[in-house]
Ligand SMILES: [Zn+2]
């Protein structure tokens, strides 16, 4: 198996298809909500990178639409680190609907996508620059480095 698959199973073991099917949709939904607010490994990875580059930030700022994972006031920028499944990353191999309860998941994820879009529009209207980093863009070292370098260059570009 490829290396990143190991990483996915370790870091993203909260994917619905890795959960036992004993949960009802309501229960799963509850589990999902409890997971959403936590600092994920990928979030920490991005934060550590930015910190090393000398950037200072706030995290999970609830005063802003969508409680962005990272807020860089000095650069008037916010960053969301999105799980490919929950946020419905189109065309991504990590976004595959589970066969069990497919309509439930499909509706759930459509709602998430709609909410994400609304949050992004609100933030842009408030003058924020919005960056979205997808989990799959951090999945192996080469891709991760390219993603993070690209991100910081974008952030610095308007300095
Ligand atoms: Zn993806």
Picking from 136, 84, which residue would you name as being part of a helix (DSSP H, G or I) and within 15 Å of the ligand (Cβ to nearest atom)?
136
Please specify each residue of the stretch 87-113 satisfying the condition of being within 11 Å of the ligand (Cβ to nearest atom) and closer than 14 Å to residue 66 by Cβ.
87
Please verify whether the stretch 60-71 includes one or more residues that are free of Cβ contacts under 8 Å to residues at least 60 places away in the same chain, within 16 Å of the ligand (Cβ to nearest atom) and at positive phi.
no
Could you check, for the stretch 120-131, whether at least one of its residues is surrounded by fewer than 12 Cβ atoms within 10 Å (Cβ to Cβ) and on the phi > 0 side of the Ramachandran plot?
yes
Look through the stretch 114-131, keep the residues that are in contact with a helix residue (DSSP H, G or I) (Cβ under 8 Å, 6 or more places away or on another chain) and within 25 Å of residue 95 (Cα to Cα), and return whichever of them is farthest from the ligand (Cβ to nearest atom).
130
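Read the figures in this text as sums done on the coordinates, not as results from a lab. Quantities reported herein were computed from a predicted structural model and do not represent experimental measurements. As a convention, Cβ positions derive from the backbone with ideal geometry for all residues, glycine included, and neighbour counts pool all protein chains shown.
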